[in-house]
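Asker: The structure's right below; bear with me while I get my questions together.
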Amino acid sequence: METSESKTKENPEDEVLKTALKRFKLAEEADSEQRKLEREDVDFRSGKQWDTADEIQRKADRRPTLTINRLPQFIRQVSNEQRQNRATINVSPVDDKADVETAKIIKGLIRHIEYDSNADVAYDTAHDSATTKGRGYFRIITEYESPESFNQVAKIKRIRNSASVLLDPHAKEPDGSDASWGFVFEDMSMDDFKAQFPEANLSKMEKYEIEGNKMPDWFSDDSCRIAEYFYKEYIPDTLLLLADGSEILLSEAKQEIPERLISKKRKTTKVKVKWLKINGVEILEETYFPCEYIPIIPVYGDEIVQDGKVIFEGIIRHAKDSQRMYNYWASAETEMIALAPKAPYIGVEGQFAGHETSWKTANVKNHAFLQYKPISIGGQPAPPPQRNAFEAPVSAISNARMLAADDIKSSMGMYDAAIGNQSNETSGIAIARRTSQAQTTNFHLSDNLRRSQRHGGRILVSIIPKIYDTSRVIAILGDDGTKDIVQINQMFNKNGKDQIYDLGVGKYDVTIDNGPSFMTRRQEAVASMIDFIKVYPAAAQFLGDLLAKNMDWPGAQEISERLKKLVPPEMQDSEQNNGQLPPQIQGQMQQMSQMIETLTQQLNQATEKIKTKQDELESKERIEFAKIHADVTKKAAEIDSRESIALLANEMTAIKHRLGLLDYSEPIDEETNGAGSFEAMAPHKTQSTGGFAPGSHMEENP
C-alpha cells in the first residue's frame, strides 16, 4: 500500500492543484464581505435603489416608486477628469551600463505596447471600477506576435469584471507588487470548454472530490470554471561579487568561477513566477511568466482597515442613504401632486337630488354647468355646494428633496460648480476654486491609478529584455504619437556612426508624468501661440509652421510643411539635415570664428601694452615716493621747534593733496614723462597695493 508521502512525490500535479484550490478558497473567504459590498454598489449604481420589501409593498398599493439615479453623473465626472489628464510612463537609466538613448527606445516601445493593446481601455475600466465600488484591475500578458511568428510581444489587457480576480489577501502594497499569488477566472459553457481543450480529462472532472464534497463552483453539467493561476517560486541562490566589480548569480554562471576571482558572496533568493491554467482538477497549460511580479495590477479607491479587515470604498458607498431619500421625496412629491384625489364638493342633504349623475362625475369630467336645489330636505334655504379645499405640503417636500440632493453632492465631495450647475459663485476665480476643491476631494482615485500604472511600467521594463531578446525591428511611438521603426539588439549605422540599442544591458527605472494628455497640451500650445502672435505679430512668419503642425483639422500637416519652406534656413531645425547645419549658417559661423580669433589677438596685444605701461608707472611712483620719504626724514632731523613742525605738517598736507590728484588724473602720456597716473585705466590699483598706500610712511613717523 502506498503512503501519502510517496503518492505526493509521484503526483506533483495533484499537490500543486491542492495548493491552488486551498488558496482560492482562502481568498474567497477573506474577500467575501468586500465582494458583497461591491455587488451592492454595482446594483445601486445600476438603479436598484429601493429596498425589495418596500418596493413590492408600494407597487402593490399602486403608489409611485421613482428612481432618480443621480450617481452616474458624479462617477463620470471623476472618471472623465482622469481621461483628460492621462499619465505617461517614463523610463530612465539607473546604472552605468544603461544609457539615455536606450531608455528612450524602451519608453517608445512601452507607448507602442499601450497603443497596440488599447491600454487606455484597461486603465479606464480599472479606474471606473475603483470609483464605483472601490477596486478594479488590469493585467499584463505575453503572446506571439502572429500565428506565423516566434517573436513574442507584451500586451496590457483590461479585466472587465473585477469580481473575476482573487489576489493574495496578505499583499499590503497599494499597487499589489508584493502579492505572492493570484487568480483570474471565468465560467464557460461545457461546449466551449470541450472545443478549446479537447484533450482535457472529462472523466476526472466528474469523479474528483475534495473532502467528500463535489465542486459545484468549478463545474456542473453545463458549465466549467477555468482559472489562470499565478504563483511565485522562491529558489535559493548565491550572489557573487567578482574582482572586476561585476555581479552574477551562481546559478547563471556558465562555468565554474575560481575562488581567487570572487571578492564577496552572499545567500539570496531568486524569484520566478509560474503560470498555470487549471479547471480545478487538472492542469491544462503551464509555463513561466518572464517577470518577478504577479502580472495582475489592482487599482484601489479608499482603503480602510477595520478590525484587521481591509475595506475598499468607492465614491458612492456613503451616498446611498442620500440617494434613497432623494428617491423617496421625489416619489412623495409626485404622489402628492399627481395622484392625490381632487377636493370633494360639500352640500346639504337634498341639494343634489335629481342631478346626482352630474355631481358624481364632477371630479373627473368638465361639465358646462352643475345644477342644485337651493333648499334642503326640510325646506330650509341652503347656500351653493362648495369644495372642501385641501393644500398639499408640496413646498416642504420639495425642500426636503433639495436637501437630499445637496447631501448626495456633499458625501461625494462634488459641488455645483464642479458638475456644471449654476451656484452662488459669481466670479471666475471663485468658480475655478470650487471646481478645484471638488477635484482635490477625489484626487486619490487618479493618484492610485498612477501608482498602479507605474507598477505596470516596472513589469514591462522587466519583461521587455526577456521577450524582445533577439535582433529584430520594432515600432515605437513618440510623445506626439508619431511612429518610428528602430533596430534593437544589433549594430547599425546612424548618421555615419555605429549604434546599438541592447535592451538586455543595464537597469532602468520607471516614473510617471502627470498632467494633461499630449492632445490637450497641443491644443493649449495652439492657443498660447495665437495669443503670442497677437502681442508680437512679427513672430507669425517664424511660428506659422509650428502653429499649423499642432492643429487637428484635415490638411494641417501639409500646410505646416509648406509654411516651413518660407521660414529662413537659419531658423529651421537642424535635424532635417541629419544633424548638419545649413551651408549659410556654417559660413556665418566660420566668419564669426575668424573675427573672434582676430579680436582675441588684438585684446592680448592691448593687455600686454597696458601691463608694460603699468609696470613703468609703478616703478616711477616708487622712485618718487622714495625721494619724498628721504626729504621728509632729513627735514625731520633738522627741525627742533614747534613752528618748524607746523611748517612740515603743511608740506605733508600738500604732498597728500598731490598724491590724491595723482590717483584720479588722466592716463599716462609719453610727453608728460610719467607725470600722470594710470588710475583711469585701473582706478583701484593704488588701493590694492598693500603697504604702498599714499601717506603710510608719514603716519608711521608723525
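We did not get these values from a lab; they are worked out from the coordinates using the rules stated. Note that the structure is a prediction, hence the values are computed from the model and not measured. Please note: Cβ atoms are built from the backbone with ideal geometry, for glycine as well, and neighbour counts cover all protein chains shown.
Asker: What order do you get for 76-87, 444-455 when each peptide is scored by the mean count of other beta carbon atoms within 10 Å, highest first? Before the final figure, lay out each step's value.
Answerer: Details: 76-87: 17.8, 444-455: 21.1.
Highest to lowest by the protection proxy: 444-455, 76-87.
Asker: Grab the Cα-Cα distance for Thr357 and Asn399, subtract it from 0.36 nm times how many residues apart they are, and report the gain in nm with one decimal. Provide the component values of the computation, followed by the final result.
Answerer: Details: separation 42, 0.36 × 42 = 15.12 nm, distance 4.08 nm.
Full extension of this stretch gives 11.0 nm more.
Asker: Would you mind putting 262-271, 22-31, 102-111 in packing order, based on average other-beta-carbon counts within 10 Å, highest first?
Answerer: Working: 262-271: 11.7, 22-31: 15.6, 102-111: 22.1.
Per-residue Cβ counts within 10 Å, averaged per peptide and sorted highest first, yield 102-111, 22-31, 262-271.
Asker: If you stretched the chain out fully between Ser376 and Arg76, how much longer would it get, using 0.36 nm times the residue separation minus the C-alpha to C-alpha distance? Each step should come with its number before you reach the end.
Answerer: Values: separation 300, 0.36 × 300 = 108.00 nm, distance 6.72 nm.
That pair, Ser376 and Arg76, stretches by 101.3 nm at full extension.
Asker: Taking neighbour Cβ counts within 10 Å as the exposure measure, how do Met412, Met551 sort from fewest upward? Write out the running numbers ahead of the final one.
Answerer: Details: Met412 26, Met551 16.
Ascending number of Cβ neighbours within 10 Å: Met551, Met412.
Asker: Related question: Run the simple label-point estimate for Asn495 and Lys274 please: 7 Å along Cα→C-beta, distance reported in nm.
Answerer: 5.0 nm
Asker: Ok, one more. Pulled fully out, how much extra length does the chain show between Arg387 and His170, if you take 0.36 nm times their separation in residues and subtract their Cα-Cα distance?
Answerer: On the way: separation 217, 0.36 × 217 = 78.12 nm, distance 7.19 nm.
Difference between extended and current length: 70.9 nm.
Asker: Here's a follow-up. If packing is taken as the mean number of other Cβ atoms within 10 Å per residue, what is the order of 194-202, 142-150, highest first?
Answerer: Values: 194-202: 12.0, 142-150: 10.0.
Top of the packing list down: 194-202, 142-150.
Asker: What net charge is computed for the residues neighbouring Ala171, neighbours being all others with C-beta under 14 Å from the C-beta of Ala171, Lys and Arg scored +1, Asp and Glu -1?
Answerer: Details: positive: Arg23, Arg135, Lys172, Lys232, Arg451; negative: Asp31, Asp168, Glu173, Asp175, Asp178, Glu303.
Charge balance near Ala171 sits at -1.
Asker: Please compute the modelled spin-label separation between Asp116 and Asp502, points set 7 Å along Cα→Cβ, answer in nm with one decimal.
Answerer: The modelled label-to-label distance comes out at 2.4 nm.
Asker: Now, a different point. Along the Cα-to-Cβ line of Ile257, 7 Å from the Cα, sits a label point; which residues in region 219-246 have backbone N less than 12 Å from it?
Answerer: Residues 238-246 qualify, since their backbone N sits under 12 Å from the label point.
Asker: Here's another thing I want to ask about it. Using alpha carbon centroids, what distance separates region 58-92 and region 7-49, in Å?
Answerer: 27 Å
Asker: I'd like the distance between the alpha-carbon centres of region 526-544 and region 159-206, rounded to an integer number of Å.
Answerer: Centre-to-centre (Cα) distance: 57 Å.
Asker: Could you pull out which residues in region 467-509 have an amide N less than 17 Å from a spot 7 Å beyond the Cα of Ser246, following the Cα-Cβ vector?
Answerer: 502-507
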